1. The conditions are (1) of a type in the set (A, V, I, L, M, F, W, C); (2) part of a helix (DSSP H, G or I); (3) under 20 Å from SER810 (Cβ atoms), and MET899 fails exactly one of them. Which is it?
2. Conditions first: (1) open to solvent by less than 30 Å² (accessible area, probe 1.4 Å); (2) within 48 Å of the chain's Cα centre (by Cα). VAL467 passes all but one, so which condition is the exception?
3. Restricting to the stretch 750-774, and then to whatever is in a helix (DSSP H, G or I) and open to solvent by less than 10 Å² (accessible area, probe 1.4 Å), can you tell me which residue is nearest to LEU98 (Cα to Cα)?
4. Scan SER626, SER630, SER612, SER642 and give me the residue that is farther than 26 Å from GLN675 by Cα and touching a residue at least 24 places away in the same chain (Cβ under 8 Å).
5. Taking the criterion of being at pLDDT 90 or above, open to solvent by 50 Å² or more (accessible area, probe 1.4 Å) and in a strand (DSSP E or B), would at least one residue in the stretch 862-879 satisfy it?
6. Would you pick out the residues in the stretch 729-745 that are of a type outside the set (S, T, N, Q) and farther than 15 Å from PHE696 by Cβ?
7. Quick one: how many residues across the stretch 183-197 are in a strand (DSSP E or B) and open to solvent by 10 Å² or more (accessible area, probe 1.4 Å)?
8. If you take the residues of the stretch 569-586 that are closer than 17 Å to PHE618 by Cβ and without any contact (Cβ under 8 Å) to a residue 60 or more places away in the chain, which of them is surrounded by the most Cβ atoms within 10 Å (Cβ to Cβ)?
Amino acid sequence: MTVSLARQLIRKVLWLSLMGLVGLGGVVTLSLMLTFQQVQQRLEQASLTAANDFDDVFLKLESDLLATSTSLASNGDISKLLSQMRSRNRYLMQAQLLNHSGDLFVSSSRSKRQPINIPFVVQSRLKRNIDQIYISPANLDDNALSVELATGFTDELGLSQGILAIQVDLTELENQAIQQQVGKTGYVYILDEAQQVVATNQLHRLGKTLPEQKFSLSFLNLSIRQGLNQKLVLSIDQSLQRVPWSAVVEQPVTEAIQPAVLPIALTIIVLFVSFRVIVDILCFSQRDIVTPLQNLHQGVEEFKAGHIPQLTPANPGNELGQLTNAFQNMVIQLKKAFEELESRVKERTSQLEITNQALQQEVAKHQATTQSLLKSEIQFRQTFQLAPIGMALISVDETFLMVNQSLCELLDLPEKKLLLKTWSDFIEPGDLEIVRALIQDLSDSQQTSKQCEVRCQSQTRGPLFVVLNLVLINDFGTEKKPSHLIAQIVDVTDRKKAEEQLAYEALHDHLTGLANRCFLIEVIDRALRRLRRYPDYVFAVLFLDLDRFKMVNDSLGHNIGDELLIQFAQRLRHHLREEDTIARLGGDEFAVLLDNIGDRQEVITIVERILSALVPLFEVGTHQVSVGASIGIAFCSPHYASAKDVLRDADIAMYQMKKSRAGEYAIFHEGMYDQTLQRLELESQIRQALEQQEFFLNYQPIVDLKTQTISGFEALVRWQKSDGTVISPGQFIPVAEESGLIVELGSWVMEQACRDLQYWRSQNSEFQSIEVSVNLARDQLQHPDFLQRIDQILSTFQVADSLKLELTESMLMESHSVTFLHQLKRRGIKLSIDDFGTGYSSLRYLQNFPVDTLKIDRSFVMKMKKTKSDMEVVRAIISLAHTFGLDVVAEGVETTDQMHHLSILGCQFGQGFLFSKPLNAKQVKNQFINSLIS
């Protein structure tokens with residue numbers, strides 16, 4: 001009853017206090033709402049004013065920009081127009097005219113010659129939409145903030161000529177547009193689309209980014225955020241009309257709510273006093289009445305649940321304190337009685353548990369022993385009978401006592417017949433003694449098992465290779481004599497055959513069956529060791545490379561190429577001795593070790609016999625194929641340290657012969673090694689020249705013989721080293737082709753030629769009709785990324801309509817199809833056949849391949865007045881080109897007489913020193929802009 005009355009009193013006090021607090025809270029809320037409404041009106045007015053000021057300025061700048069771009073079409077003094085525009089607007093840092101590539105034409109500032117950066121996408125858009133205005137994002141540089149505006153301009157005919165761009169100083173602009181002060185510490189900012197401060201009367205905050213996180217007041221058009229001064233501010237945004245920016249006005253919260261501070265302070269004081277009174281009342285009731293009764297009630301409940309409570313009276317002097325002490329004493333007496341009884345029960349229980357554990361351990365030990373014996377016997381029998389390998393129990397007299405199914409299947413005998421035999425009936429006699437010696441070793445040593453590999457006979461499979469593992473079992477009598485053996489027999493016949501096959505394949509070529517490089521090196525090393533022991537011993541190594549094999553392989557297919565290699569290997573075997581070693585090193589490369597030869601003349605005789613054997617055609621499938629071989633010879637010498645050195649020198653000799661005249665042989669000498677080192681050095685220098693940009697282009701004009709005007713240029717690569725040394729193309733181009741560097745060099749030539757052509761076009765519109773011819777190498781056409789690289793270059797420079805690629809007749813014949821060349825034509829590229837008449841001239845590819853031009857080789861032009869046959873060749877080429885609708889270019893025109901005869905024969909174009917020597921890009925621009933050739 002006492003607890004219930006105390007709680008009712010507390011509830012009434014709390015209710016009255018809560019009603020008072022709600023009233024005071026309403027007063028505070030009303031005061032804050034009135035204050036926020038006043039702040040909103042002030043901030044809205046300030047942000048609208050700032051936004052209108054900036055919009056007016058940008059409207060004037062756009063109008064002036066469009067007016068100036070219109071005046072450019074009719075006014076010739078461009079610099080004056082730009083200067084006038086800058087003087088009218090003191091915000092302008094500079095005004096510039098740019099072409100559509102972003103290059104600078106005219107600038108109003110003499111000190112700043114760097115073109116204003118206009119993105120390429122924007123340049124393309126302004127070219128199509130002349131009246132459109134582009135406004136860039138704000139740029140902060142050295143505490144100076146600027147923005148670029150740009151529009152296109154045209155000539156009098158309305159054709160787009162370029163871009164008019166201006167740079168506006170936002171720092172100067174903000175000094176006029178933002179001069180407002182919001183309260184004592186409020187500020188106005190102009191933000192771009194990235195929330196970056198681009199204008200403010202606080203210059204040290206330019207370029208800073210306003211925090212994105214903010215809390216919007218739903219009942220007002222206000223937001224609360226962290227300002228740039230790291231304080232909470234009230235802010236409001238106003239979007240600009242001319243640019244995607246916004247005007248932001250902020251005022252610290254502490255300053256904004258200053259009028260409401262006094263009412264709020266009074267409310268807090270009243271709230272604190274009321275709270276203090278309520279706390280005092282609650283503490284009194286809780287300490288003297290409610291808490292003692294609750295503790296006593298809790299102690300009774302704990303005692304009912306079987307626990308011993310610990311009660312301490314809050315005030316021992318009153319009635320509740322005395323009642324608590326009496327209850328606690330009763331609990332203590334009961335606790336002592338319970339503890340004594342519990343101690344006796346635990347002691348007796350412990351004794352019973354010890355006795356029970358001992359009995360359980362004895363029973364478990366007996367059961368484990370029994371189960372272990374049964375399990376061991378079952379496991380042995382199952383393991384023996386179900387083992388995937390052959391197993392047998394054998395007596396000391398070699399008789400089978402027990403065999404499993406796997407052994408019966410291995411020896412191909414049923415179990416009953418096998419138990420009547422001994423293992424001497426199956427093991428090869430030569431291996432039987434090995435097994436008996438193994439058993440004797442087991443008996444004499446402490447080892448329990450031994451293993452060996454033996455041969456045995458199966459009834460149907462014949463000889464088998466098996467691994468025999470023997471385990472010796474002793475009697476457990478007094479002398480512990482051996483009683484029997486357990487044999488494990490594993491069939492390894494397939495593994496042995498596989499090992500032999502792997503050993504063979506590791507040393508032989510799988511296609512031809514010849515020895516491979518590893519086998520050959522081992523044989524040559526053995527010959528070198530023999531040479532060191534016997535100085536009179538002589539051997540030689542031949543290195544063979546098939547001529548024209550790549551053409552056969554690419555044109556007829558890899559299957560035909562493989563069959564050709566097989567037949568070539570057969571012919572080698574037929575014309576060489578048994579003691580000679582023939583090896584295929586890879587691809588179409590072979591090597592031969594001529595062992596124990598008499599003298600050098602014998603080697604030459606064998607080589608000539610090999611070359612003669614290649615004269616008859618090879619019948620490969622339905623094709624008759626003719627191939628030759630280039631052969632390098634390296635004779636034995638004591639100075640060779642390894643077989644790789646001998647092969648290297650034979651390879652060098654073969655390479656030198658193949659480079660000079662294929663189909664013959666060469667004997668290695670030290671001079672060849674020096675030439676190889678020089679070639680490797682030149683290859684290294686080419687790589688370095690590509691990295692250091694030592695290559696440059698010259699251009700030889702191609703002249704219209706009828707109008708005597710320039711119609712195009714041929715790009716010629718030249719190399720001048722950093723020390724001034726000029727390297728002839730005849731030296732470095734063959735090395736670049738052999739090393740594969742021609743791909744990178746050719747790609748650079750094409751890119752640089754397109755870059756120069758684009759530059760010429762930007763300087764003079766007459767170059768729109770000029771073509772540039774670029775020579776292609778075979779490796780470039782065969783490179784998998786060739787078309788992708790072409791697309792990159794054309795996309796960058798946009799000159800596909802003026803690019804012509806020159807290919808040789810052999811390149812068309814060997815590797816590339818009509819489809820590939822049509823892919824080039826679809827890109828707008830023209831194709832030309834270079835040095836026509838010197839290669840595999842054929843009417844078929846003139847019909848099938850989409851070529852545009854034939855170029856007559858200079859050898860025919862130079863000799864056409866000397867020999868009638870050369871004159872007729874030139875006449876025939878020109879007539880053939882006209883028949884197929886192709887242009888003709890004569891190379892090497894050096895005299896007016898040659899030019900005159902070519903014109904009579906109907907040749908349209910000429911190229912040579914008569915017209916001009918090769919020129920660099922600058923000379924082309926300055927001297928040959930649509931000029932007449934005298």
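The values are calculated or read from the model by the stated rules, or taken from the named source; none is laboratory data. As the structure is a prediction and not an experimental result, all values here were calculated from the model. Cβ coordinates were reconstructed from backbone atoms using ideal geometry, including for glycine residues, and neighbour counts include every protein chain displayed. Surface accessibility is based on the protein's heavy atoms, side chains included, excluding ligands, DNA and RNA. Shrake-Rupley method; radii C 1.70, N 1.55, O 1.52, S 1.80 Å.
1. The one condition MET899 does not meet is (3).
2. Result: VAL467 passes all but (2).
3. This residue is TRP760.
4. SER626
5. No.
6. Matches in the stretch 729-745: GLY730, PRO734, VAL735, ALA736, GLU737, GLU738, GLY740, LEU741, ILE742, VAL743, GLU744.
7. Adding up the residues that qualify gives 2.
8. Filtering first and then ranking leaves LEU572.
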